[in-house]
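The values are calculated or read from the model by the stated rules, or taken from the named source; none is laboratory data. Because the structure is a prediction, the values reported are computed rather than measured. FYI the Cβ positions are ideal-geometry reconstructions off the backbone, even for glycines, and counts take in every protein chain you see.
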Amino acid sequence: MYIVGARWREGACAIWTLRVLAWPGGAVGRRPVRRPAAAIRGIDRSGHTTDTLAEAEAPGGASRRGLRLLDRGLLVVGLALFVGLLHHIGTRAVLENLRVAGWGIAAICLQELLAFGANTLGWWFAFPSPRPSISFVRLLAVRMAGDSINYLTPTATLGGEFVRVRLLRDRVATTAAVASVAIARVGQTVGQIAFIMVGLWLVIDEIVLPPALHRGLLLLVGVMVAAAVLLVVLQRRGAFAPLLRVLQSAGLARVSPGLERQLQRLDQMIAAFHATGGWAFACSSVCFFLGWAAGVLEVYLILFFLQVPVTVERALTIEVLSTMLDALLFFMPGTVGTQEGGKVLIFSVLGLDAAKGLSMGILRRIRQLVWAGIGLIIMWRLQAGLRPISDSTTVRTS
């Protein structure tokens, strides 16, 4: 079993698969001064802890190569799907639809600021008490930088979470930053499932589907709700240290006592948040719900600029089904091919022009790439002059 991790150094990204998951900075007071700390502390073959990912030599090189090959294989499959759809539907029809959208692409890109704002507020509510004194604008910038990595790397959105922790290291103690990211991830999942449930409840009668597929959708929602409840329960009881013990008992991990103590401290901080800040988690989930709901506006704008007859119900239907497909196919690198293919499938089910569906997928891809570029620039600017603090440093709080 491998867990994907990332280390950022001088603006470059490298992805490794390691057997041990930790976070930037390692043990208290042991952060290197003249170079960035690793996002993951590893264990070399001799059993010694290493300070950087490059030094961590996890056993099972063949398995790591297999995972890299799997990532590349999925990417090739996605690209092949995209090319096949483009050939089947016709390049000319797609280009004509993009021409029709014209300057509407700018409005499609700008509306994403609503989702960024809602998601950033959701993350702010996820910080354990006492919350660090960090401006909303700064947190928004870090959020955008992390999302840019999620757009561009095949890490199932984990890469962006490591980036967020790294970019907060001069404002927030490491354990608190990791706790906030973990809590926000669960809150975002809860918000996503709530959006799907509410959306389906509102539009299920508008979707003409075979009875078997209709029942399948409801069953899938039930599974997602159960998964969300399980995630919350695991966080309340502590998940990181028990997971590490399971890996150790199975012979899949060798860690230092210091790392185990930090994981226990992380579990305690997250559990304390849920025990005393239930309202904060609820607010976080609501904000993430609004972030998912903002996608309906994007769909509405795209349909409008593509000159497709548009109603709020139609936009909501497309976005709910798109969100469900994206959740099921999260493992595809950058959702290459699946985003476009999913839109073609949804448009076909709804009796709409498949070329319009492919054009919608491409327009969303353009919006992602625009914000990914902006996020990378933000990350580069934020990395300059960072002065990391340790968990033992007193953090000014609000």
Practice problem: Return yes or no: is Val225 more than 25 Å from the chain's Cα centre (by Cα), part of a helix (DSSP H, G or I), surrounded by 12 or more Cβ atoms within 10 Å (Cβ to Cβ) and at pLDDT 85 or above? | Solution: no
Quiz item: Taking only pairs six or more apart or across chains, which ones have beta-carbon atoms under 9 Å, a first residue in the stretch 103-127 that is free of Cβ contacts under 8 Å to residues at least 24 places away in the same chain, and a second residue that is among the β-branched types (Val, Ile, Thr) and part of a helix (DSSP H, G or I)?
Solution: Thr120/Val142
Self-check item: In the stretch 323-354, the residues that are polar (S, T, N, Q) and either surrounded by 22 or more Cβ atoms within 10 Å (Cβ to Cβ) or modelled with pLDDT under 90 (or both)
Solution: Thr335, Thr338, Gln339, Ser348
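Residues of the stretch 300-331 being among the hydroxyl-bearing types (Ser, Thr, Tyr) and in contact with a Phe, Trp or Tyr (Cβ under 9 Å, 6 or more places away or on another chain), which ones?
Thr311, Thr323
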Practice problem: Tell me which residues, restricted to the stretch 126-170, are modelled with pLDDT of 80 or more and among the aromatic types (Phe, Trp, Tyr). | Solution: Phe127, Phe136, Phe162
